[in-house]
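Structure record follows, encoded as structure tokens.
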Amino acid sequence: MITYYFHVSKESRIKYSFEENLFALQGNLIISDFSAARLISEKINTVRREEGKFEMQVTAGQINALGLLHEILHLLIRKYEENNNANVFKSSFDYLKNTLSEDELNKTLLKFIEEFPPLSVFQNKISSDDYLKDITGNKDNSEIILEELILLNLENINPATYQLKELYNDEKLANETKYKEIIEQTEIFFENEPKIGGFNLISFLRKPIIQSPYNIEEQLDFIRSNWTDFIDESVLTKILSGKDLIHEDYKLFVQHGGGEKGTPPVPSYEFDYKYFESLKQKLAEGRKLSPEEYEYYQIETKRFTEDLDWMPRVVMIAKNASVWLFQLSQKYGREIKTLDQIPDEELDRLARWNFTALWLIGIWERSSASRKIKQIMGNPEAASSAYSLYNYEIADELGGESAFEKLKARAWQRGIRLSSDMVPNHTGIYSKWVVDKPDYFIQSKIPPYPNYKFTGPNLSDDERVEVRIEDQYYSRTDAAVVFERLDKYTGNRTYIYHGNDGTNMPWNDTAQLNLMKPEVRESLIQTIMHVARKTPIIRFDAAMTLAKKHYQRLWFPIPGTGGAIPSRSDYAMTRSQFDDIMPNEFWREVVDRINSEMPNTLLLAEAFWLMESYFVRTLGMHRVYNSAFMHMFMKEENEKYKLLIKNTLAFNPEILKRYVNFMSNPDEETAINQFGKGDKYFGVATMLVTLPGLPMFAHGQLEGFSEKYGMEYKRSYYTEFIDEHLVWLHEKEIFPLTKKRYLFSQVIDFELYDFIDSAGNCNENVFAFTNKSGNETALVIYNNSYTEAIGKIYYSCEKSYGEEGKTKTTSIDKELNISSFFGHYYIFKDYVSQLEYITSGTEISSNGFSFHLMGYQRKVLLEFREVYDVDGRYKKLYDQLNGRGVDSIQRAIGEMNLAPFHNSLTHFSTSIKFSKLLLALDYSNNDEVEIPKFDDELLTIINTLEHVSQKTIEKDILLISIQTDILNLNQFNNLTKEVLSSARPPKWMNELISVLHSNNDRERKNNLSFLLLNKILFKILQSISDEKINYKVFDQLLLWKPLFEIFGFLRFEDAGKYYELSRLLYKADYLLTNPDDLLNNFINDDLAGKFIQINEYQDKKYFNKERIELLLKWVLFNSVFDSALDYKNITKKSFTESLKNLFTGYKDILDRINKSEYKIENIIAATDISKPKHRKGKAVTKAKIKTKIKNKTKPIRSKKKLSETKTKKSKLTVKKKSKTGEKKKKSKKT
């Protein structure tokens, strides 16, 4: 064994209380192993902390490296003497005696012995003079001291170890002796001696310091790289171990964790197919592989586990069990403490949202020690960590096994499988195995660091053992790598390592299992099978730590690769040594056993560190974490994530479908805090559910919660309320896509496309891909950037097929089965906007699929179908839409065909002529106004409708009928004014007129325009309808489009309301003369009920007062201005009685409405009250005078132009009467 030394002054030995057994005979400090280095560093640091010199604390790695460097220089001097220049130091001593005086030389050497005394001198067993005259071995001590002087000088000019310079400071020696001159003269002497490496000996020894003056690790690297011809392999290996110790020190002094986590690297998959095949051949021939070859062969062997049919369709949601139960208690207002108390409504909701897996976090019995530690550290409400376990039984506080089985059964009734964690890397520090099987854990007989103390509280609940963590954890000054286990029966103390993944501080409430032992691996496999019997989906926590590559790196590092866990460099192994103990991957054993004995179990690994593909492709896990999805989408490192997909597709696409994608997990910030609630969130969520792989949603993600639930939480601490709008958006835009996981989960038809802009550059912010299942095809595109993107997709990226290493591409038209032949168009639906689009097959085949995406915009295009354009209508619509989406392409075709009809109707209703018509018929207008001629406009409406409906319309009859209605309106105005001008006008007439003709100009104009529109439109519609009036003609002719525009132009306050009213009045034949029947119609007719907004509250039905009064008013309008009432020939008396009868019915119904308290039941009850009495035989009822239009006039059928056959068409001047009854002049032109 090589022992390392370096100089320590007498003063420092006393100051730091270094024991005498730490020194060699020459007086140098012995660094026999890493434990000695740690002991020395602790002694130095203890004193310096007391002095307040915290910045001058030293590490074991520095001390070990300095001792190693010192000894390497000694070895080089020995090599130089043996191979180049025997007795060179005797010659140099003689040279110095001649150059300087012998007295000066001896004085310097004696001063060195005084400052850095050999052990015998320090113990006063021999004087300095006698020691100098003595010999050691076959060499004079004077020559030995001269060699030490040279090395002392090299130590003092090395700035890399300035913190240790106090130990070997040569300042007093330089001030009081010829020390400097001796060094200078010695180098002059060696300049004339044989060279080593082209330099004199002292210059050669100085080279590492000159090369890297401030970094001792780099000095050791220089020696290892450049001095291999001079140093044995064993020493070079020790250099690697020394570097590992330096790295371990870094972990002790540098804080880890917290802050923004780095983005995972992009896998490159550098697979050498020919080399791999040569290794297979070598094994087939019975030859043994080297450790490097064996590692490569293990990593690159392809052994996927085939999915069962249900596995690709898994959509998972995570729930922290304790926190969820607390939140449900608050939500439902009752105590929900156990798993069987979870309401069915919650499971129903998850099933409705299309979740097929529920991951319950924290259901196992936890280690009570974890809770105690957290409570001691200041969180009195803390539970034990969900990953510090006592055993794998359902926790009693959650209801135990019975409650779990009931929940499991209820969930499965809804198609939901339960998932749980399994933590194979470690147990809690107080666990069943720590008590009963302590040998299962990685441990040592002594603490790895001399400053460790274990005087804190006993954390064990078992009287047989005591468990204590290191004291400095409680003071937050250190996080020790071991805890103490005391066996109360034997008194044995062992120091068990905490679980650790090397990236952060140790997990201080866990105990690290030793998988080098076969019995530990078998016990773990049996435990995994026990868990699998409870939940068909198992998530393996920190699975990558148990892969051979990383298990050795962490716990038994190859020299030069250590430093991940402090003190484990003491247990370094070569790869061959490690493979002899653990020849096979533990995870491969697990997968093979599960596949053989419990094949209906889905194994899911939490793995990072570029191990994702290895876990699914070689170790055979069904699924593996893909943290790159969350990190890269959140940070918009889009080029990296596209490269990840591209590299995976080009290597082996099967890996892609085995990723678990997520936007948050229990160790990360919440999805809401990372992605917000806007377009970016839903864009990435769309990627989550449409990319191949297993989509996993976090606890609280759907509800919009921002609190990150610690693994020790028993409840939530934020007061947060469910964001119902966010939930609704998920239900509208995300969950419909999870129903189609069969379409998105596989990779056999998955293709990724580059998005190319007009300049030919690839926009890396845009993700575009297609996938298929059976006859269904999907195209998904998302812009993960704030900036807009314009471009197209055409060719797919390289994708592996057959044997790995062979790739091919395809094009978008082939994947969408698009024909390039003329006349082929394709209709598809965007599931995000719910709009349909049409595109040209020729355009896509020639130029690709073009898109214009705003920032964070996404499209999910489904339901592709081909149409052939026989008559040019699809081309016309394609050109007209120009890339815009519509609610329905078929409806858009209909709208396009109906456009002439709509336009003619809109043009007429918004024309000046229509305004003049309103003015002519306005009751308040007493001037003579000529009714405009609008036959041409009506004919345009009728002709376009005739073309659309493919029905023949008797235009002359229709025009005469419309003219008659208009004249009737005018005559009604004249008659009412005449009645009101009489000596004793009836009082009810004024009230009726106030209803029909409001004093408000806007309201009166709106009423008249609505009346006229309905009169004209209804007559036109009836001309193409069957005998039975069907209000669905409104839907068939898409009348909402022109009517909404017309009502908007006429400034109606609610166009939608009046559209509904118009449709209802067209359908119904309401009679005011029978109030009971009329009210029953209002209540029982679906269309009327919808209009008057019948609703239910506390088991009672109500209606909207404003709506029912509006409907009643327009029933009165229609009754008064009915087409069958010929006001031109009616007598004044009959006219008055008819109106009175109608108005009495109106008033009766209105009275019932006002007394009903807006309740349907009161309206119904009112119909049983005795009906109002009407004077028999006096009123001229609607039934007596109603006459069909077709009975009035014979049909006119002529081949001549309609304009030539019109009869009785005249320009009219309306005869008006003033309210006082004075007649104005009348003229009539024929």
How many residues are within 17 Å of ALA386 (Cα to Cα) and in contact with a helix residue (DSSP H, G or I) (Cβ under 9 Å, 6 or more places away or on another chain) if we restrict to the stretch 513-534? 1
Which count do you get for residues in the stretch 715-736 that are closer than 30 Å to LYS374 by Cβ and buried (at least 18 other Cβ atoms within 10 Å of the Cβ)? 1
From (1) closer than 20 Å to TYR874 by Cα; (2) at pLDDT 95 or above, pick out the condition that doesn't hold for CYS797. (1)
Out of ILE209, ILE223, ILE231, ILE239, sole residue that is under 60 Å from the mean Cα position of the chain (by Cα), in a loop (DSSP other than H, G, I, E, B), β-branched (Val, Ile, Thr) and in the same structural domain as PHE89 (by TED's automatic domain parsing): ILE231
In the stretch 97-141, anything under 21 Å from LEU201 (Cβ atoms) and in contact with a strand residue (DSSP E or B) (Cβ under 9 Å, 6 or more places away or on another chain) is listed as ASN141
Those residues of the stretch 490-508 which are over 15 Å from LEU546 (Cα atoms), at pLDDT below 95 and either touching a strand residue (DSSP E or B) at 6+ places or on another chain (Cβ under 9 Å) or outside any loop (DSSP other than H, G, I, E, B) (or both), in sequence order: PRO506, TRP507, ASN508
In this structure, is GLY502 at positive phi and either surrounded by fewer than 17 Cβ atoms within 10 Å (Cβ to Cβ) or of a type in the set (Ser, Thr, Tyr) (or both)? no
Just checking, how many residues over the stretch 1061-1075 are part of a helix (DSSP H, G or I) and over 13 Å from ASP1148 (Cα atoms)? 7
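Of these, LYS111, LYS90, LYS107, which one is buried (at least 17 other Cβ atoms within 10 Å of the Cβ), charged (D, E, K, R) and touching a residue at least 40 places away in the same chain (Cβ under 8 Å)?
Every option except LYS111 fails the conditions.
Out of the stretch 164-192, which residues are of a type in the set (Phe, Trp, Tyr) and under 23 Å from SER17 (Cα atoms)?
TYR168
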Just the residues that are without any contact (Cβ under 8 Å) to a residue 12 or more places away in the chain and among the aliphatic types (A, V, I, L, M), please, taken from the stretch 131-155. ILE135
Among the residues of the stretch 248-264, is there at least one that is modelled with pLDDT of 80 or more and outside any helix (DSSP H, G or I)? no
Does any residue of the stretch 1078-1097 turn out to be in a helix (DSSP H, G or I), modelled with pLDDT of 85 or more and hydroxyl-bearing (Ser, Thr, Tyr)? no
Determine whether the stretch 576-586 contains at least one residue that is closer than 25 Å to ILE538 by Cα and assigned to a helix (DSSP H, G or I). yes
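Rundown of residues vs (1) at pLDDT below 90; (2) of a type in the set (Asp, Glu); (3) out of contact with any Lys or Arg (no Cβ under 7 Å at 6 or more places or on another chain); (4) more than 18 Å from LYS1015 (Cα to Cα), yes/no style:
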position: PHE908; (1), (2), (3), (4): no, no, yes, no
position: LEU918; (1), (2), (3), (4): yes, no, no, no
position: SER924; (1), (2), (3), (4): yes, no, no, yes
position: THR940; (1), (2), (3), (4): no, no, yes, no
position: LYS951; (1), (2), (3), (4): yes, no, yes, yes
position: LEU980; (1), (2), (3), (4): yes, no, no, yes
position: LEU992; (1), (2), (3), (4): yes, no, yes, yes
Could you please find all residues in the stretch 765-774 being farther than 25 Å from GLU866 by Cβ and part of a strand (DSSP E or B)? VAL766, PHE767
Odd one out for ALA983 among (1) without any contact (Cβ under 8 Å) to a residue 24 or more places away in the chain; (2) assigned to a helix (DSSP H, G or I): (2)
Conditions first: (1) free of Cβ contacts under 8 Å to residues at least 12 places away in the same chain; (2) assigned to a strand (DSSP E or B). SER596 passes all but one, so which condition is the exception? (2)
One residue is enough: does the stretch 117-130 have a residue meeting the conditions without any contact (Cβ under 8 Å) to a residue 24 or more places away in the chain and aromatic (Phe, Trp, Tyr)? no
Condition check for THR842: touching a residue at least 60 places away in the same chain (Cβ under 8 Å) and more than 30 Å from the chain's Cα centre (by Cα): no
If only one of LEU702, LEU644, LEU694 is surrounded by 18 or more Cβ atoms within 10 Å (Cβ to Cβ) and more than 26 Å from GLY855 (Cα to Cα), which one is it? LEU694
Has the stretch 446-467 got any residue that is closer than 30 Å to PRO583 by Cβ and free of Cβ contacts under 8 Å to residues at least 12 places away in the same chain? no
Given the conditions (1) outside any loop (DSSP other than H, G, I, E, B); (2) touching a Gly at 6+ places or on another chain (Cβ under 6 Å), every one holds for GLU866 apart from (2)
When you scan the stretch 775-820, how many residues do you find that are part of a strand (DSSP E or B) and under 21 Å from ARG741 (Cα atoms)? 7
Could you give me the residue pairs with C-beta distances under 9 Å whose first residue belongs to the stretch 191-220 and is loosely packed, with under 14 Cβ neighbours inside 10 Å, whose second residue is of a type in the set (Val, Ile, Thr) wherever it lies, and which are 6+ apart or on separate chains? GLU191/ILE202; PRO194/VAL88
Out of (1) without any contact (Cβ under 8 Å) to a residue 40 or more places away in the chain; (2) buried (at least 22 other Cβ atoms within 10 Å of the Cβ), the one GLU335 does not meet is (2)
Checklist (1) farther than 28 Å from ARG865 by Cβ; (2) surrounded by 13 or more Cβ atoms within 10 Å (Cβ to Cβ) applied to ASN817, failing item: (1)
Quick check on my filter: what residues within the stretch 413-452 are out of contact with any strand residue (DSSP E or B) (no Cβ under 8 Å at 6 or more places or on another chain) and modelled with pLDDT under 95? TYR449, PRO450, ASN451
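The values are calculated or read from the model by the stated rules, or taken from the named source; none is laboratory data. As the structure is a computational prediction, the values presented were derived from the model and not from experiment. In this analysis, Cβ positions are derived from the backbone assuming ideal geometry, glycine residues included, and neighbour counts consider all displayed protein chains.
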